[in-house]
Amino acid sequence: MFRLALKGAMARKLRLALTAVSIILGVAFVSGTYVLTDTLNATFERIFCNAESGVSVVVRGTQAFTPGDNGGGSDERALVPDSVLQTVRHVPGVSSALGVATGFAQLVYQGKAVTNGGAPNFGSAWAGNDPANPVHVVQGRPPVTDGEVIIDEHSAHKFSIGLGAHADAVVEGRSVPVTIVGITRFGKDSSLAGATLTTFNAHQAQALLLGRSDVWSTVQATAAAGVSQEVLAGRVTQALAGQPSLQVLTQKAYVKSESKQFKDQLKFFNILLLVFAFIAVFVAVFIIFNTFTVLVAQRTRELALLRALGAARRQIMLAVIGEAAIVGIFSGIVGLGGGILVAAGLRALIEALSGGGLVTVGLQVQPRTIIISLVVGTLVTIIAAVVPAVRASRIPPVAAMRDDFVLPTASLRRRTRLGVAALVIGAALLASGVKNGTAWQIGIGALAMFRGDVALSPLLSRPIVGGVGKVLPRVWGMPGRLARENALRSPRRTAATASALMIGIALTTTMSIMAASIVTSANAQIDKSVGADFIITAKNFGPVSDSVAQQVAQVPGVGAVTSFKEGAMKVGSSRTQVQGVTPESVAQTLRLTLLSGSTAALKAGQVLVDKDTAKDKHLHVGSPLPVTFALTGKKTLTVGGVFDNNPIAGAYLIGTSTYNANFRNRLDIVVAVKADSASSLGDVRAGLAQVLKPLPTMQLRDQSEFKQNQKRQINQVLSFVLALLVLSLVIAWLGIVNTLALSVFERTREIGLLRAVGMGTRQVRRMIRLEAVVIALFGALLGVALGIGYGAALVQALHSQGVTETSFPYGQLIAYLVIGVIAGITAAWWPARRASRLNVLNAIATD
């Protein structure tokens, strides 16, 4: 039977090649995802190992919050006192020890911000020639006095910054003039994974980056010869006993901890790509099912002869499944190779986006990736071929003597009942999930509804294909009529072919509706919540120096300026966001509706809470609110007011002085400006632009421009998602090609007879193309309808997250229908060309 399966696969190379391509694309997406993420993980492990190559033990502060707290993310660690550095230096077995100071620092050179794509901007303290220092001076000299800095080699070359150049360094809260006295490399690399690195002398780094000259970010120690990391860590731990705010880690444990944070962040990216890979593979299932169903129907007499010669039903079924397994294994191997190429392309793109500063390690092809690729390719193909294989095993031997034998199929009535049941159950689960905010109900409900639509699609194909197809005879005559009848001839095949396209169109429609709704909701929130005329932010989501607010407040015509800072605190066991705002002006730049209390309470160190939070936690003016800050620990704030829900303000507002007392990072995220009523907005804007001219990292926008920027960011995310969904559309397109090609093979004699009675080659091509257009349009219509339902449900589910407006991008929805038509026309090109070139006599003689 294996030889029979192998010969069966080799005898139909072209037909099965089209099927294999769809599996290859899906497997390539899966394997490419794993290869890329494994490569990035290995790259950052190398970077962390290089950074700590000369380190044996690291002492760092503890975190008040952990990434596992509600709300996710990590927070500021406690700083390490300079006294700890002195203690560590005297621990037996310590060869050397140094203090490390790190924070945000960005250079501005000749009016341009020194950045490498979206990579971060780091500042650090020069640690001398200690073995634990990964920064090496390759040109010039180290910084000695305040105002001297050394910068990474990549940034120096990219921005043509030479030794002795003067620039400004934007650091934690202010901008300081600096002189570049040296060029550095980080380990063996020209930069730290593409990030800019500005290094100050130790004293200035502590003052600028940490705000104090008697603390460090971490303390790192190098062991003397013959002393292991574990032994030295034990000694340091004993020397620092009684200081619970400190952690002592070996270099191996520290690197593992730091790289784990990156890997945890990369997990979301990995899962996102795998979701789209699953969609691509899922679409391919329909093509495989279609292909083997048609192949079994075409080989009815051949399989019946095998039965007549003594082959058991089980052997026939195994032969078909074996054929599918061969195709699957081949697809898995080729898909793995394709995935490596995909990962190589994406790696090159990431390196380009980093400005050339990120140099990754070689592509990592783990055994796990190879196994998953082969398993996915083989199992998916076999599973999709099981039903056709079972049908093949039911062919009776007597069918070998009949030309008109047709494989029995299940009644559409039973399928319709199952489809209606799945649709009703899915709709109920989806509605319940949206109402209760239960993710698993939404997911299962959506899948059930999709399964119901697939089950009902043969029934729906009659009225929809028949209705749309009525136009064809009127415009294209007999070829149009035959195209309509061919599409209606096998509702199951038409439905299976259209279902592959339906998935891709449904998902793109859902994403488009969600994106449009987010944009509409965001604009409505801005109109409702923001009272400022101008909004100042930094490029690439960077921080804003607090000097910006001070400078713009001096511009003539400015009535109010509010600084917004953002941090995290724990209320009870939950981590939540809190904003620090300027108490005197927040009521003018934010449309706050105070239900009780006053914004003046912010100046007194109290907290304002929104209506929903006050209701949930039973708070009112004067209520104590126990909170925990990452830097300063447990505090008790007093509720000074309750305001109506404002999506921009969030749940908690505190004054700037309260924020600065409890957070180390005191940079602003937004500066909001309100012009006084007597001033021209144009004059005020010109004044603001003049003040911000020396600060090229700042962006000045009015409300309209701010809305457009929000829309642009959302559309960028949507473009990324749609680009990932293109693969499913390509596979669906291949499905139409495959089905039409198999249909031409199946109808060879019929096409020959049509040619014999006078149909021209152009008419044959037109007939095939119109059939493809009808099938594709049917799938697109179902996809758009399903996507509208999913999109509306998803928007309702996100209502509590601020997505309050449902918006339908009608232009995009029409475009998806047009895409369906184009897919049909292009997919039919090769099958139509092949059909029109059939030899008439040979075609008529075909059995």
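The values are calculated or read from the model by the stated rules, or taken from the named source; none is laboratory data. What you are looking at is a predicted structure, and each value in this text was computed from that prediction instead of being measured. A quick note on method: Cβ atoms are made from the backbone with ideal geometry, for glycine too, and the neighbour counts reach across all protein chains shown. Areas reflect the complete protein model, heavy atoms only, side chains present, ligands, DNA and RNA absent. Shrake-Rupley method; radii C 1.70, N 1.55, O 1.52, S 1.80 Å.
Before moving on, here are some points about what is shown:
- Between segment 265-325 and segment 127-183, the C-alpha centres lie 61 angstrom from each other.
- Computed in the context of the full set of protein chains, the accessible area of segment 713-791 at 1.4 Å probe radius has 63% of its extent on carbon or sulfur.
- Of the accessible area of segment 467-523, computed with a 1.4 Å probe over protein heavy atoms only, carbon and sulfur atoms account for 61 percent.
- Nearest-0.05 FRET efficiency for PHE541 and HIS620, computed from C-beta distance (R0 30 Å): 0.25
- One decimal place: the segment ASP214-GLU584 gains 129.8 nm when fully extended, by the rule 0.36 nm per residue minus the C-alpha distance.
- Three-way shape call for segment 648-802 based on the alpha-carbon gyration tensor, with the a/c threshold at 1.5: prolate
- Segment 97-251: relative contact order as a whole-number percent, Cα under 8 Å and 6+ apart: 31
- Protection proxy ranking of 511-517, 611-617, 674-680, 831-837, by the mean of other Cβ atoms within 10 Å over each peptide's residues and highest first, is 511-517, 831-837, 611-617, 674-680.
- Within the accessible area of segment 266-351 (1.4 Å probe), percent carbon and sulfur: 77
- For segment 413-505: rounded, prolate or oblate by the Cα gyration tensor [a/c cutoff 1.5]: prolate
- Protection proxy ranking, peptides 710-721, 573-584, 133-144, average beta carbon neighbours within 10 Å, highest first: 573-584, 133-144, 710-721
- Toward the positive end of the charge dipole of segment 624-701, with +1 on the Cβ of Lys and Arg and -1 on the Cβ of Asp and Glu, the farthest Cα among ALA689, LEU653, LEU631 is that of LEU631.
- Taking all protein chains into account, the per residue accessible area for the chain stands at 44 Å² (1.4 Å probe).
- Rounded to 10°, Cα long-axis angle of helix 681-692 versus longest principal axis of the chain: 70
- Selection from VAL795, PRO831, GLN812, by position along the positive dipole direction of segment 734-847 (Cβ): PRO831
- For the residue pairs LYS565/LYS615; LYS617/LYS707; LYS565/LYS611; LYS565/LYS634; LYS528/LYS693, alpha carbon separations beyond 27 Å are given by LYS617/LYS707; LYS528/LYS693.
- What you get for segment 665-727, charging only the Cβ of Lys and Arg (+1) and of Asp and Glu (-1), is a dipole of about 140 debye around the Cα centre.
- Degrees, to the nearest 10: 761-797 long Cα axis against longest axis of the chain: 40
- Only protein heavy atoms count here; on that basis, with a 1.4 Å probe, TYR109 has an accessible area of about 30 Å².
- The spacing between segment 684-756 and segment 360-390, judged by their C-alpha centroids, is 28 Å.
- Charge-dipole axis of segment 97-210 as Lys and Arg at +1 and Asp and Glu at -1 on Cβ define it, positive-most pick from VAL178, ALA205, VAL144: VAL178
- Per residue, the average separation of C-alpha pairs within less than 8 Å and at least 6 apart gives the chain a relative contact order of 16 percent.
- On a per residue basis, the convex hull of the C-alpha atoms belonging to the chain measures out at 206 Å³.
- Rounded to 10°, Cα long-axis angle of helix 251-298 versus longest principal axis of the chain: 10
- Given charges at beta-carbon only (K, R positive; D, E negative), |dipole| of the chain in Debye: 4520
- Solvent-accessible surface (1.4 angstrom probe) belonging to ARG749, in square angstrom, nearest 10: 130
- ARG749 versus ALA225: modelled label distance in nm, points set 7 Å from Cα along the beta carbon direction: 9.1
- Protection proxy ranking, peptides 772-778, 819-825, 303-309, 500-506, average beta carbon neighbours within 10 Å, highest first: 500-506, 772-778, 819-825, 303-309
- Cβ-Cβ distance of VAL375 and ARG462, R₀ of 41 Å, FRET efficiency by 1/(1 + (r/R0)^6): the value works out to about 0.60.
- At q = 0.10, 0.19, 0.23 Å⁻¹, base-10 log of I(q)/I(0) for segment 720-817 (Debye sum, equal scatterers on each alpha carbon): -0.46, -1.02, -1.24
- Helix-only mean residue ellipticity at 222 nm for the chain, each DSSP H run of n ≥ 4 adding -39500 (n - 2.57), per residue, nearest 500: -19500 deg cm²/dmol
- Other-chain or far-sequence residues with amide H under 5 Å of GLU805's (modelled H): SER521
- Of all DSSP beta bridges in the chain, antiparallel share, percent nearest 5: 80
- Other-chain or far-sequence residues with amide H under 5 Å of THR102's (modelled H): SER217
- Global geometry of segment 540-593, whether rounded, prolate or oblate, following the gyration tensor of its Cα atoms and the 1.5 cut on a/c: oblate
- Taken about its Cα centre, segment 760-847 carries a charge dipole of about 600 debye when Lys and Arg each add +1 at the Cβ and Asp and Glu each add -1 at the Cβ.
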